[in-house]
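**Q** Sharing a structure with you now.
The values are calculated or read from the model by the stated rules, or taken from the named source; none is laboratory data. Predicted model only: the values in this text are computed from it and were never measured. Glycine also receives a Cβ, built like all others from the backbone with ideal geometry; neighbour counts cover every protein chain displayed. Quick note on the areas: whole protein, heavy atoms, side chains included, nothing else; ligands and nucleic acids left out. Shrake-Rupley method; radii C 1.70, N 1.55, O 1.52, S 1.80 Å.
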Amino acid sequence: MNVFKEMALSIYSYESYSKFLKNKKGKIFGFGVLLVTLYFLITWVIPAVVHPVSFTMLSDSLEEEMPYFTLQDGTLWVDGIYEVKQGTTYLYINTTDGYTIDDVSDLEESLQRCTDVIVADSEKMIQKNNGRWEITYFSELGFNFNKDDVLRFLPWLDLIIVAVYIIAYFFSVAMFFFGVLFVALIGMIIASCMKYRLSFGKLYIMGVYSRTCPLILKAVVSFLPFHIPFFWVINFTISLFIIGMAIMQMKDQGPMNPPYMQYPPNGQYPPSGQYPPNGQYPPNIQYPHNPQGNYPPPGYPM
């Protein structure tokens, strides 16, 4: 089956999951890698192509607009007050004497609509990313630098960004298959509650295909101007729901591995190795032409 057709079926056709289990390991791995690649193209590469940034212009802009600063022995000093607000992004740095950020709750109320926030004083930086607030103290960084050090890295900025993209891609692939591991573990509990026996390997395969719909939804959400709290819970819940529905379809289709018929009867051949022994079947076998269970005598018309 075509991999793109499988991708579409994995979203709405729960009965197709029994067919996915017959795929080879290489195809299943390729499906997962292709799924992550498409997600990465949509969320990382396409925005960079649609809104291209000239590294030369960026370098000149940073050199002209970035205020002079130093980070020395855990203390930040910036020449003046630096404030930038653009769309849902807000940056505010104030290292003047007497200014400190004491209460994060005040920032949460005033910057609720902003998705990316950096606010800093001379001792710490408060950052909002994906709806979460984090505090970093400069004394914990353990290194010193200033604006001149940053400008020395600018000629290498294009290579650094390419390297970041490559690392981010392989990290996304690794996290995808690690996330499927979590889905398969919870899937074992679901299968047990539904009284349907599936091995961990089969549940892992189902988990790979069940991630199609959540990743598409995650890509769409990444373009929204607001953050959805606990979206990761919604993300994995969709996969678990799909696995549950697929197991229900498998139960309706019947057992995947019917028990083998035992042959010969009683699990043993006669000691002589001749079957049937002496021209007769054992008494516990009912031959269809003879209700008494004996093999018909020689010459019996068949």
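**Q** Does Phe40 fit the bill of being of a type in the set (A, V, I, L, M, F, W, C) and touching a residue at least 24 places away in the same chain (Cβ under 8 Å)? So that I can check it myself, show each step before the final result.
**A** On the way: of a type in the set (A, V, I, L, M, F, W, C): yes; touching a residue at least 24 places away in the same chain (Cβ under 8 Å): yes.
Against the criterion (of a type in the set (A, V, I, L, M, F, W, C) and touching a residue at least 24 places away in the same chain (Cβ under 8 Å)), Phe40 qualifies.
**Q** Could you check the range 125-138 and list, in sequence order, the residues that are in contact (Cβ under 8 Å) with a residue 12 or more places away in the chain and open to solvent by 90 Å² or more (accessible area, probe 1.4 Å)?
**A** The answer is Asn130, Tyr137.
**Q** Return the pair list, or none, for Cβ contacts closer than 6 Å from residues in the range 186-202 that are of a type in the set (Ser, Thr, Tyr) to residues that are part of a helix (DSSP H, G or I) and open to solvent by 60 Å² or more (accessible area, probe 1.4 Å), at least 6 apart or on different chains.
**A** Tyr196/Lys251
**Q** Which is surrounded by 14 or more Cβ atoms within 10 Å (Cβ to Cβ), modelled with pLDDT of 90 or more and among the hydrophobic types (A, V, I, L, M, F, W, C), of Ile189, Ile242, Ile285?
**A** Residue meeting the stated conditions: Ile242.
Residue-wise test of (1) of a type outside the set (Lys, Arg); (2) closer than 30 Å to Val36 by Cα; (3) more than 31 Å from the chain's Cα centre (by Cα); (4) at pLDDT 85 or above.
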| residue | (1), (2), (3), (4) |
| --- | --- |
| Asp102 | yes, no, yes, no |
| Glu109 | yes, no, yes, no |
| Gln112 | yes, no, no, no |
| Met125 | yes, no, no, yes |
| Phe145 | yes, no, yes, yes |
| Asp148 | yes, no, yes, yes |
| Val164 | yes, yes, no, yes |
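**Q** Tally the residues that are modelled with pLDDT of 95 or more and open to solvent by less than 60 Å² (accessible area, probe 1.4 Å), restricting the search to the range 205-232.
**A** 11
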